[in-house]
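To start, the structure under review is shown below, and the notes come after it.
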Number of protein chains: 2
Amino acid sequence: MAEPQYLALDAMGGDFGPSVVIPGAALALKKHPSLQFLLFGKASAIETELLGYPELAARSLVRHTDTVIASDAKPSQALRRGKGTSMWQALEAVRDGEAAFAVSAGNTGALMAVSRLILRTLPGIDRPALAGQWPTIHRPSIVLDVGANIGASAQELCNFALMGAAMSHSVFGIDLPTVGLLNVGVEEIKGADEVKQAHTWLKDVQLSFDYRGYVEGDKIGQGIVDVVVCEGFTGNIALKTAEGTSKQIATYLREAMSSSLLTKAGALLATGAFKILKHRSDPRRFNGGTFLGLNGIVIKSHGGTDAYGFASAIEVGYGMASSGIIDRLTADLASLTARLAVIAQVPAAEASVGDGAGTVKPLQPHPQS
Amino acid sequence: MAEPQYLALDAMGGDFGPSVVIPGAALALKKHPSLQFLLFGKASAIETELLGYPELAARSLVRHTDTVIASDAKPSQALRRGKGTSMWQALEAVRDGEAAFAVSAGNTGALMAVSRLILRTLPGIDRPALAGQWPTIHRPSIVLDVGANIGASAQELCNFALMGAAMSHSVFGIDLPTVGLLNVGVEEIKGADEVKQAHTWLKDVQLSFDYRGYVEGDKIGQGIVDVVVCEGFTGNIALKTAEGTSKQIATYLREAMSSSLLTKAGALLATGAFKILKHRSDPRRFNGGTFLGLNGIVIKSHGGTDAYGFASAIEVGYGMASSGIIDRLTADLASLTARLAVIAQVPAAEASVGDGAGTVKPLQPHPQS
């Protein structure tokens, strides 16, 4: 596959704007020296940051924008007033084939709404899903939807399975990803109706993933499947609950380790172990949520992350763009739609609700490069 | 308040039956020497265990039953064939006022179905909720529903708020418990429709709790409210996700601590800290889910717990029975129904769907005692 050339960064997104985006881009460039960057935002602020990274500056084009989408803007406001902002222009660069993918640490709801407007959805997809990386005791899993939408039909859950599998293949290089449906038990009789219906269908469709049935909440972190599928309300609650539990135990550990002189001495000796522990559960390594189902690649970085975390988000986009995920998704979704029309009598017309333009942007060097 | 006298134990429930239930009861008796026990199950097995606990034996009546409800029985099977089993008879003892509460480590679905049949629901309640204790960095919180049902209406979420608050008062002695609704964001515009509707109502009803608005998944473990309200699918996923994350980090910690001679030495010195850590996140301390909304007190112990965990479940029932929670719930539910009839135009008739017998069993000594 071709390496992505240009990528579009919303330099103003997130809590820290260019002071995190630019050093993050510099880290990504160290790893992939052939990358080139389109940087959208306030030119003076971006150029000031670039002074510290001459190699990045040499491989970047700065595109000045006067406005930004506020971190608390509602999606509807972003759609009405977002034109010309750094986020909007970064997404237009993807739409126009100037950039292979876009990364923004801006407002999630706005990014979702504007992405959908500018890039449109793939044939068969009505609403994109937000896919997150979930650290497990093995390799990371992909969990989706983690909050792009509330609720999902059985058909949408099947789409999520397929899209999550494509992402697992792209980002982690897994040939036949295993997929599970998040449920309250592993027995066939349990669960919400849509989940049970999706389970029946997923057992029957033969596509580019290995469906393993139901997965309970306590098994996600065990990494028993590569992709965990759920609707967005549940997925968001699960993801945040895991983050919260992780912090809670870190608090317990810190307090326990400073409870006596002896434990303090032990903690000092075991400094190396705490470094390993910190590294394994470092959320920056798993930064980079992806809107799947769009006709283009958009990565959402956490608003509060640092340069290291922002570089992780770029890495996710790089993997997806390099592997040609949009082509794969378009083909897979067509197969799924056809298959469900047979096994589930889901009419092809209904199954392919969506914007459906379906034209895939080739990865191409920037015209001015 | 009167101390509960007799309590009913399903001695055959759980993975270990009497070999956990009897030592668990003995631990509870040490803490509350006035307790008396009705022990339901295979008499020979129970009596063999009681040989090791003469003080408990002196305060117990053994009620022989020939049959048990299998751990994998479906609720419908339990209802059809459960009569005469140890679980069934323990619940009948509560219904008949022989026992102040029942504890079973048996099959959750069966316990829910049989409890509902035998005890019936309180006026205003159609489906009971399962409330769990959630360890936080402060005192434990109550989370409900953690899996008795899939989905909940806005009205049911309001009932959960009220019932969770009553439990928080009973078990932890909190006068005006704080209550939050689990949601994917704290903004008013976000969330499932039922959750948003319940939010509007809860802000308006003035009852025996302090409603604090939305709570996100990562805040549960911070203990920012005493009661977290959600429908059962989400609650079950959240609870199990927290358990899984806790285990995952324990694995990381163990592996990190044995990564070198130095870290091993550190771990040895810090043994005391690991003991504190283990104690703070020990699931046995938080064992004891409660079916709320029944006309009687039923505690579900984890099937795989040990005597210490089973004693924790008894302690939950003890707190609830001592505080007269059923009286409080009956009164509170009537107030809520009346209040919602005014502010939400929920017709009183609709709001009070349920079995509705509403007769409250007084805590009374066993007739033979």
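Each value in this text was obtained by applying a stated rule to the coordinates, not by laboratory testing. Quick caveat: nothing in here was measured; it's all calculated off a predicted structure. Cβ sites come from the backbone with ideal geometry, for glycine too, and all protein chains shown count toward neighbours.
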Review point. Structure shown: which of A:K219/A:K278; A:K275/B:K264; A:K247/B:K31; A:K74/B:K203; B:K247/B:K300 lie over 25 Å apart, alpha-carbon to alpha-carbon?
Key: A:K247/B:K31
Review point. Relative contact order, percent, of the range B:8-150 when contacts are C-alpha pairs under 8 Å separated by at least 6 residues?
Key: 24 percent
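When the convex hull of the Cα atoms of the range B:1-78 is projected onto a plane and the area is averaged over all directions, what value comes out in nm²?
Numbers: hull surface 24.0 nm².
Orientation-averaged projected area of the Cα hull: 6.0 nm².
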Study note, to complete from the structure: Heads up, the protein assembly as shown by the C-alpha gyration tensor (a ≥ b ≥ c square roots of eigenvalues; a/c under 1.5 rounded, else a/b over b/c prolate, else oblate) looks prolate
Practice item. Would you mind telling me which residue in B:I237, B:I69, B:I189 has the biggest mean-square fluctuation in a Gaussian network model of chain B, where springs connect alpha carbons within a distance under 10 angstrom? Key: B:I189
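Which is the longest stretch in chain A that no exposed loop site breaks, taking sites as GluC sites (Glu not before Pro) with a DSSP loop state and at most 14 other Cβ atoms within 10 Å?
On the way: sites that count: A:E187, A:E188.
Longest gap between qualifying sites, sites excluded: A:1-186.
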Exercise for review: For B:F172, place a label point 7 Å out from Cα along the Cα→Cβ vector, do the same in each other copy, and report the separations in nm, one decimal, smallest first.
Suggested key: 3.6
Point to revise | Fraction in percent of alpha-carbon pairs per bin - 10 Å, the range A:193-267 | key: 15, 33, 22, 15, 10, 5, 0
**Study point:** Label-point gap, in nm, between A:A70 and A:S258 - each point 7 angstrom along Cα→Cβ
**Key:** 3.8 nm
Review point. Out of residues 5 or more away from A:G288 or on other chains, whose amide H comes under 5 Å of its own, with H placed 1.01 Å from N in the peptide plane?
Key: A:H302
Revision key, fill the gap. For the range B:184-236 the mean separation of alpha carbon contacts under 8 Å (6+ apart) over residue count, i.e. relative contact order in percent, is 34 percent
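Using the Cβ atoms and a cut-off under 15 Å, what net charge is assigned to the surroundings of A:K42, where Lys and Arg are +1 and Asp and Glu are -1?
Details: positive: A:R63; negative: A:D10, A:E47, A:E49, A:D66.
In short, -3.
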Point to revise | Cα→Cβ-extended label distance, 7 Å offset, between A:T271 and B:I137, nm | key: 2.5 nm
Revision key, fill the gap. Stokes-Einstein, Kirkwood over Cα pairs, the range B:37-110, 4 °C, 1.567 mPa s; D in µm²/s equals 100 µm²/s
Review point. Using the Karplus equation 6.51 cos²θ - 1.76 cosθ + 1.60 (θ = phi - 60°), what ³J(HN,Hα) coupling, rounded to whole Hz, does each residue of the range B:290-299 give in order, writing x for Gly and Pro?
Key: 10, 7, 9, x, 8, 8, x, 9, 10, 10
Point to revise | chain A, relative contact order in percent, only Cα pairs under 8 angstrom and at least six apart counted | key: 26 percent
Exercise for review: Would you kindly derive the ³J(HN,Hα) couplings of the range A:38-54 from the backbone phi angles with the Karplus curve 6.51 cos²θ - 1.76 cosθ + 1.60 (θ = phi - 60°), listing them in order in whole Hz, with x for Gly and Pro?
Suggested key: 9, 10, 9, x, 6, 4, 5, 5, 5, 5, 4, 5, 5, 4, x, 9, x
Check your understanding: Any idea what the dipole of the protein assembly as shown comes to, in debye rounded to 20, about its Cα centre with Lys/Arg Cβ at +1 and Asp/Glu Cβ at -1?
Key -> 1220 debye
Check your understanding: Got a sec? Which residues in the range B:214-256 would a label at B:F172 touch, if it sits 7 Å along Cα→Cβ and we count backbone N under 13 Å?
Key -> B:220-229
Review point. Counting only Cα, what are the radius of gyration and maximum Cα-Cα distance Dmax of chain A, in Å?
Key: 21.0, 70
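Across peptide A:277-284, how many C-beta atoms of other chains are within 10 Å of each residue C-beta, on average?
Numbers: counts 7, 2, 2, 7, 5, 0, 0, 0.
What the average comes to for A:277-284 is 3.
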Exercise for review: May I ask you to evaluate 6.51 cos²θ - 1.76 cosθ + 1.60, the Karplus curve with θ = phi - 60°, for each residue of the range A:304-313 and list the ³J(HN,Hα) values in order in whole Hz, giving x for glycine and proline?
Suggested key: x, 6, 10, 4, 4, x, 5, 5, 4, 5
Check your understanding: On average, how many beta carbons from a partner chain sit within 10 Å of the beta carbon of a residue in A:297-304?
Key -> 0
Study note, to complete from the structure: Under 5 Å from the placed amide H of B:S60, counting only residues 5+ away or on other chains, we find B:F37
Review point. Ranking B:D332, B:D126 by Cβ neighbours within 10 Å, fewest first, what do you get?
Key: B:D126, B:D332
Review point. What is the sum of charges around B:S335, taking Lys and Arg as +1, Asp and Glu as -1, for the other residues whose C-beta is under 15 Å from the C-beta of B:S335?
Key: -1
Practice item. For A:K196, go through the aspartates and glutamates and keep the ones whose alpha-carbon is under 12 Å away, minus same-chain ones fewer than eight residues off. Key: A:E187, A:E188
Revision key, fill the gap. For B:G213, other-chain or 5+-apart residues with amide H closer than 5 Å (H placed, Pro excluded) are B:L181
Exercise for review: In nm to one decimal, list the spacings between the B:L268 label point and its equivalents in the other copies, with label points set 7 Å along Cα to Cβ, shortest first.
Suggested key: 1.8
Study note, to complete from the structure: DSSP beta bridges in chain B: the antiparallel percent, rounded to 5, is 30 percent
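Looking at the protein assembly as shown only, what percent of DSSP beta bridges run antiparallel? Nearest 5 please. If you can, show how the numbers build up before the last one.
On the way: 20 of 73 bridges.
Beta bridges within the protein assembly as shown, antiparallel portion: roughly 25 percent.
Average partner chain C-beta neighbours within 10 Å, per residue of B:252-258?
Numbers: counts 12, 8, 1, 5, 10, 7, 1.
Across the residues of B:252-258, the mean count of other-chain Cβ atoms within 10 Å is 6.
Using the Cβ atoms and a cut-off under 9 Å, what net charge is assigned to the surroundings of B:I150, where Lys and Arg are +1 and Asp and Glu are -1?
Working: positive: A:K190; negative: A:D193, B:E231.
Net of charged neighbours comes to -1.
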Review point. How far is A:A338 from itself in the other copies, in nm, if each label sits 7 Å out from Cα along the Cα-Cβ line, shortest first?
Key: 6.6
Revision key, fill the gap. Out of B:G41, B:G293, B:G213, a Gaussian network model of chain B with alpha-carbon springs under 10 Å gives the largest mean-square fluctuation to B:G213
